[in-house]
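The structure appears right after this line, and notes come after that.
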Amino acid sequence: MTTAQQIMHDATPVLSFDTTVPEAVEYFAKHKLEFAAVQASADRFHGVITEGSLMRIYLRHKSHPEKDSLILYRDLFEPAQLINKDEPFSEVVKKIVTAVGHRVFVIDERSAVIGYIKARDILPFFIDTKAAQSSTTGGISPDHSELYLYENFFTQSPFMMHSINRQGEIQMANEILHRVLGHTYGDLLGKTVLDLYPKDVQQKVAESLVQIIDRGFHKVVTGQMLHHSGKLIEVEMVSRALLDQNGETIGTITVSRPLDMKYLLECLPHT
């Protein structure tokens, strides 16, 4: 079984959260980087900056030179998608498909980042597997069929789906959730679960998150989610705990739908 650790690059480009903007620009230029993770400690990452976001950070820094540290521009960071070093190939692909920037950072048993994997690192496995299959069965492997179904179900499902980690941060959110709540696809990733709900129920939502993590499941409930415009969307939802390969709870996954089916149909892609 191919694992994340076997695929990953060992040397992860990392910048400390208190690195100055000029130092970050110099680091990117010197090492010809496409991205770098911003780190507070070995097991705590604030997010990812890309060469494009660093340009925006630099331009903003020029207008406010007193704001010198990278952490002061956290709103321009991309969320860092993590994966355990022992996760199998299929799980690596699933996370890369839905991750912002289509990259994952590999962590060890101490939650320290030990490497990274990009989409381009996966492509050679597709080529080799297809070649092997065509010489025997002439068809796509069961593993690839499963991944194709997963990608279509998660990204194109008519149900709203999102995953929250133990810190309450949105790790995955599919396209229809973004559409129903009026966001550009990808904008919700890295935000907190509280950004999805109106202020008067946020405490209840936080308590429910703890209950789901502790008990593993939450019954079907009706409530309201917050549209980007500020209006409230009546929804029905159900949540369950999300487990890693060792059976440990790492967050929650929620499936929901608007009660107004006409509005849901208006939000669905027309192609």
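Which length gain, in nm to one decimal place, applies between residue 25 and residue 51 when the Cα-Cα distance is subtracted from 0.36 nm times their residue separation?
Computed gain between residue 25 and residue 51 is 8.5 nm.
Taking the Cβ-Cβ separation of residue 215 and residue 9 as r and a Förster radius of 51 Å, what is the calculated FRET efficiency to the nearest 0.05?
For residue 215 and residue 9, the calculated efficiency is 0.85.
How much length is gained if the chain between residue 227 and residue 192 is pulled fully straight, taking 0.36 nm per residue apart and subtracting their Cα-Cα distance, in nm to one decimal?
Gain on extension, residue 227 to residue 192, equals 11.1 nm.
Just list whichever of 204/231; 30/191; 94/118 have alpha carbons separated by over 21 Å in the model shown.
30/191
Only Lys, Arg, Asp and Glu count, each charged at its Cβ (+1, +1, -1, -1), so figure out the dipole size of the range 196-242 about its Cα centre, rounded to 20 debye.
Using only the charged Cβ atoms, the result is roughly 40 debye.
Multiplying the sequence separation of residue 2 and residue 85 by 0.36 nm and subtracting their Cα-Cα distance, what value in nm do you get?
28.8 nm is the gain from fully extending residue 2 to residue 85.
What is the distance, in nm, between label points placed 7 Å from the Cα along the Cα-to-Cβ direction at residue 109 and at residue 63?
Simple spin-label model gives 4.9 nm for this pair.
What residues have an amide H closer than 5 Å to that of residue 48, excluding those fewer than 5 places away on the same chain, when H is modeled at 1.01 Å from N in the peptide plane?
38, 78, 80
Using modelled amide H (1.01 Å from N, peptide plane; none on Pro or chain starts), what sits under 5 Å from the amide H of residue 224, excluding residues fewer than 5 places away?
235
What list of ³J(HN,Hα) values in whole Hz, one per residue of the range 196-208 in order, does the Karplus curve 6.51 cos²θ - 1.76 cosθ + 1.60 (θ = phi - 60°) give from phi, with Gly and Pro shown as x?
8, 10, x, 4, 6, 10, 5, 5, 5, 5, 4, 5, 5
Give the long-range amide H neighbours of residue 250: residues separated by 5 or more places, or on another chain, with amide H under 5 Å away, using H modelled in the peptide plane at 1.01 Å from N.
Placed amide hydrogens put 242, 243, 244 under 5 Å from residue 250.
Every number here is computed from the coordinates shown, using simple stated rules; none is lab data. A quick note: this is a predicted structure, and the numbers were derived from the prediction, not measured. Cβ atoms come from the backbone with ideal geometry, glycine included; neighbour counts cover every protein chain shown.
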